[in-house]
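Right, one structure below, let's go through it.
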Amino acid sequence: MLATRAFALALFAAALSVAFASPAHALLGLELGAHGGSMSFSGDLFSGSDAIEGDPLGTGAFGSVRIGVTTLPIVDAAIDLGITQRSATAVEAASETTVDYDFTDLSLEASLRVAVFDPPLSPLSVYFGVGGGLHWIPTLPATGIEVAGGQLTTETSPEPAAFLLGGARFDPPALPVALFVEGSLGGVFGAGDALRATRVSGGLMFGL
């Protein structure tokens, strides 16, 4: 009898959490959204070259389209297609002159988030997670380095990445939209020295 009552109470509590959750934070569903902010890189992108040295990458503008999968809603998964863009400079070792190049980082990432604060009736949740993917970033040509008009010619190659993340999300009651802020810290491996990457962004998610 006691077990039956406990089961009934648990079922009632689950029903309440579904009833008061917004469509963007339901038991199981898809979301589509976007976020933007800044991405900061540190490390030497061209460390394997004797011809190009010292490449302070700094911070670039970041934007991404996100597809999300919500569950219980304790665990969420997301796929991000992002881009970071900025003008960058490097130093040509032979002449010690500064050369410019376009730094464009295209990224495809997948991540998993676990809520650490998510009361059933609260629109606010806090989460941490892990992720990984590929970043298509500039690399030096394999057959030689070309500099024309102060502009360095680069190629693009996919490099693996991994990161830790944390964020907060707000789901307004009865609305199919959620707002979030998020930060991540990780690295892009394989291009020169491992590049440390720090990202801060905010955005919107819409329940489908």
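Where a number appears in this text, it was derived from the coordinates with a stated rule and is not lab data. Here the structure is a predicted model, which is why all the values come from computation and not from measurement. When we count neighbours, we look across all protein chains shown, and the Cβ atoms used for this are built from the backbone with ideal geometry, even at glycine.
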Whole-Hz couplings from phi, Karplus 6.51/-1.76/1.60, listed for region 56-66; x for Gly and Pro: x, 6, x, 10, x, 6, 10, x, 8, 9, 10
Relative contact order (%) - criterion: Cα under 8 Å, at least six apart; region: region 22-207: 25
Residues with amide H under 5 Å from that of GLU159, placed H, sequence gap 5 or more: HIS135, TRP136, ILE137
Residue-by-residue Karplus 3J(HN,Hα) for region 195-208, coefficients 6.51, -1.76, 1.60, Hz, glycine and proline x: 8, 7, 10, 10, 10, 10, 8, x, x, 10, 10, 10, x, 9
Those GluC sites (Glu not before Pro) in region 28-98 that DSSP places in a loop and that have at most 11 other beta carbons within 10 Å: GLU96
